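K.L.:
Sending over a structure as structure tokens; questions will come in a sec.
Here, each number is a calculation from the coordinates, and none is a lab measurement. Since this is a predicted model, take the numbers as computed values, not measurements. Cβ placement follows ideal geometry from the backbone for every residue including glycine, while neighbour counts extend to all protein chains displayed.
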Amino acid sequence: MSNASPNEPCDACGEPTTDALARTVRLSVDRANIDTQRLCPECFAEWIQRYQAEMGGGTDPGDDADSEIIID
Ligand SMILES: [Zn+2]
């Protein structure tokens, strides 16, 4: 099964999403890849909002020095 489907589902809502529209989000902490998600534009927007809210609303803003978010 090496066929790459052009319409793989969004990891959040399961809706088929084309490569052109999909966003792949990789969350790295300490250079370890801890989370990768393929998201449709709607879920991507929600994910970013949630991520920024959590990062910005934390009690320790300096704690994110070792984590980074990579968006392809
Ligand atoms: Zn989605």
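K.L.:
Among the residues of the stretch 22-57, count how many are surrounded by fewer than 17 Cβ atoms within 10 Å (Cβ to Cβ) and under 17 Å from Pro9 (Cα atoms).
P.N.:
Total satisfying the criteria: 9.
K.L.:
Additional query: Do you know which residues across the stretch 32-42 are touching an Asp or Glu at 6+ places or on another chain (Cβ under 8 Å) and not polar (S, T, N, Q)? First the steps, then the outcome.
P.N.:
As a first pass, look at the stretch 32-42 and keep what is touching an Asp or Glu at 6+ places or on another chain (Cβ under 8 Å): 37-40.
Within the stretch 32-42, Arg38, Leu39, Cys40 qualify.
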